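These notes concern the structure reproduced below.
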Amino acid sequence: MAAARLTREPLELPACRALRLQALARADEGFLLSLAYSTQRGYARNHAFVGELRIGKVAVEMDIPELGFAVEIGEVTLTECETVNQFKGSKTAPPQFTRGYGLVFGQTERKAIAMALVDRALRWQELGEEFTGAPAQDAEFVLSHADNVQATGFLEHIKLPHYVDFQSELELVRKLRAEAEAGA
Amino acid sequence: MTDAAYNFAYLDEQTKRMIRRAILKALAIPGYQVPFASREMPMPYGWGTGGVQLSAAVLLPEDRFKVIDQGADDTTNAVSIRKFFERTAGVATTTRTADATVIQTRHRIPETPLAEGQILVYQVPIPEPLRFLEPRETETRRMHALGDYGLMHVKLYEDIARHGHVATAYAYPVMVEGRYVMDPSPIPKFDNPKLSGCPAIQLFGAGREQRIHALPPYAEVVSLDFEDHPFEASKPDHPCALCGATESYLDEVITDDRGSRMFVCSDTDYCTSRRDAALEAAQ
């Protein structure tokens, strides 16, 4: 299977881990922070040790389909975090640590750690854990609401005029109220 | 004049091809929501990014483009989108429904009947008619696949039991060609009958939700109802205060701080044309 690409193909659910990580890397920091914090407080707890936390620069290549080759257009700073989380084991496999992964734009250790904790929580199925109903385990909920450009746009579209839909609802409420009063 | 820095209609050709493939699939399966790789556009999500991508994919240099928001050509969203394509595609624009070849709309169907050869592009916030009954996409896709619409019928029934009427006044769900339940976007239910048997191509684009659905010309579209509670397209029970129309959808405009109000056509082109015609006849 070719590598999943979140920005070039529509997100299909359930999503593989590669897609989930792409979505988390683009996710709103505050949203990830709260979800990660909720796992620390017991909603799908997966206590983490920081195995790796580093900051570095990487080259950015842009693939240009019209030209048929990639061009290096600059470099960006990234922060990467790998966590070592509590262990799993079974009758057949001895106990072993599990891991979460975070890779984010810029020098933002807080977001990288948060992403690693959320990634770990989302891996419950693959690691044979139970779904406890915790928000951080719910991949569809997390992935559908993590993008703050989408969230901001949709929230702020409320500023656009809505008088046509409002008028239709106003007519309906008036009708229901008139009938309720006539019946009372 | 086209801004030379942009490819025609802003999007690159590969992206337009991808969107056209999704449009063809959507036309082949009326009412089915086709996932597409929605691009980030230079405008916020929720402000018509889906509609703009559809318009970009279907526009040709010889097209005449019209944009309305709430029925009006002079609302901020409509003005911005019209300017966007004037700049990036250099297409001619118009406010006349009959003169337009492509019409992008937010939440209204024009009053003037559409004709063959026209394309109506809807901006769609939430394309999934079952979303507020079942928030999970994985579930709703399964329900569509199985034609399992019991949940929707129960919702409509409960509305009638509780209120005496279906408590939905806009984005009223429809059945397309007897197969898929579809959200017609938040048009007032007054507009629902215009969806069916329409000679124009109707395309629905949801950018944030990455979905396209469509109605080919003359598709059969039925608003969901019950035999003993038939669907009723409603509007304010007044004539338009400006043009006197009795068959058009009306906005209620508050005119002072003592509760005075007037009802006027929400379709500005329709209202203006009628007033111009009346003026001409009077001369």
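Miscellaneous remarks
- Number of residues in the stretch B:2-28 that are aliphatic (A, V, I, L, M) and either within 12 Å of chain A (Cβ to nearest Cβ) or surrounded by fewer than 17 Cβ atoms within 10 Å (Cβ to Cβ) (or both) equals 7.
- Hits in the stretch B:53-94 - residues which are farther than 24 Å from A:Glu156 by Cβ and among the basic types (Lys, Arg): B:Arg64, B:Lys66
- Reported count of residues in the stretch A:144-184, each being within 7 Å of chain B (Cβ to nearest Cβ) and either acidic (Asp, Glu) or open to solvent by 90 Å² or more (accessible area, probe 1.4 Å) (or both), is 5.
- Tally, over the stretch B:196-239, of residues that are under 21 Å from A:Glu171 (Cβ atoms), open to solvent by 30 Å² or more (accessible area, probe 1.4 Å) and either within 14 Å of chain A (Cβ to nearest Cβ) or not in a loop (DSSP other than H, G, I, E, B) (or both): 9
- Of the residues making up the stretch B:140-171, those that are open to solvent by 30 Å² or more (accessible area, probe 1.4 Å), of a type outside the set (D, E, K, R) and not in a loop (DSSP other than H, G, I, E, B) number 10.
- Some residue of the stretch B:172-185 being of a type in the set (S, T, N, Q), surrounded by 20 or more Cβ atoms within 10 Å (Cβ to Cβ) and more than 14 Å from chain A (Cβ to nearest Cβ): no
- Take the conditions (1) of a type in the set (Gly, Ala, Ser); (2) touching a residue at least 12 places away in the same chain (Cβ under 8 Å); (3) not in a helix (DSSP H, G or I); B:Gly51 misses just one of them, which is (3).
- Total residues in the stretch A:133-184, condition out of contact with any Asp or Glu (no Cβ under 8 Å at 6 or more places or on another chain) and closer than 29 Å to B:Trp47 by Cα: 24
- Test for A:Phe141: is it open to solvent by 70 Å² or more (accessible area, probe 1.4 Å), assigned to a helix (DSSP H, G or I) and not charged (D, E, K, R): yes
- Number of the exception - B:Leu27 against (1) in a loop (DSSP other than H, G, I, E, B); (2) over 15 Å from the mean Cα position of the chain (by Cα); (3) under 25 Å from B:Arg141 (Cβ atoms): (1)
- In the stretch B:59-71, residue surrounded by the most Cβ atoms within 10 Å (Cβ to Cβ) [restricted to those that are farther than 14 Å from B:Gly90 by Cα and in contact with a strand residue (DSSP E or B) (Cβ under 6 Å, 6 or more places away or on another chain)]: B:Val67
- Residue that is most open to solvent (accessible area, probe 1.4 Å) [pool: residues in the stretch B:260-283 that are under 25 Å from B:Tyr170 (Cα atoms) and of a type outside the set (Ser, Thr, Tyr)]: B:Arg261
- Residues of the stretch A:35-75 classified as under 24 Å from A:Gly106 (Cα atoms) and at pLDDT below 90, total: 1
Table: residues versus (1) open to solvent by less than 30 Å² (accessible area, probe 1.4 Å); (2) within 20 Å of B:Ile212 (Cβ to Cβ).
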| site | (1), (2) |
| --- | --- |
| B:Ile103 | yes, yes |
| B:Pro113 | no, no |
| B:Ile119 | no, yes |
| B:Pro135 | no, no |
| B:Thr138 | no, yes |
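The values are calculated or read from the model by the stated rules, or taken from the named source; none is laboratory data. Owing to the predicted nature of the structure, the values given are computational and were not obtained by experimental measurement. Every residue, glycine among them, receives a Cβ derived from its backbone with ideal geometry; neighbour counts consider all protein chains shown. In case anyone asks, the SASA skips ligands and DNA or RNA and just uses the protein heavy atoms, side chains included. Shrake-Rupley method; radii C 1.70, N 1.55, O 1.52, S 1.80 Å.
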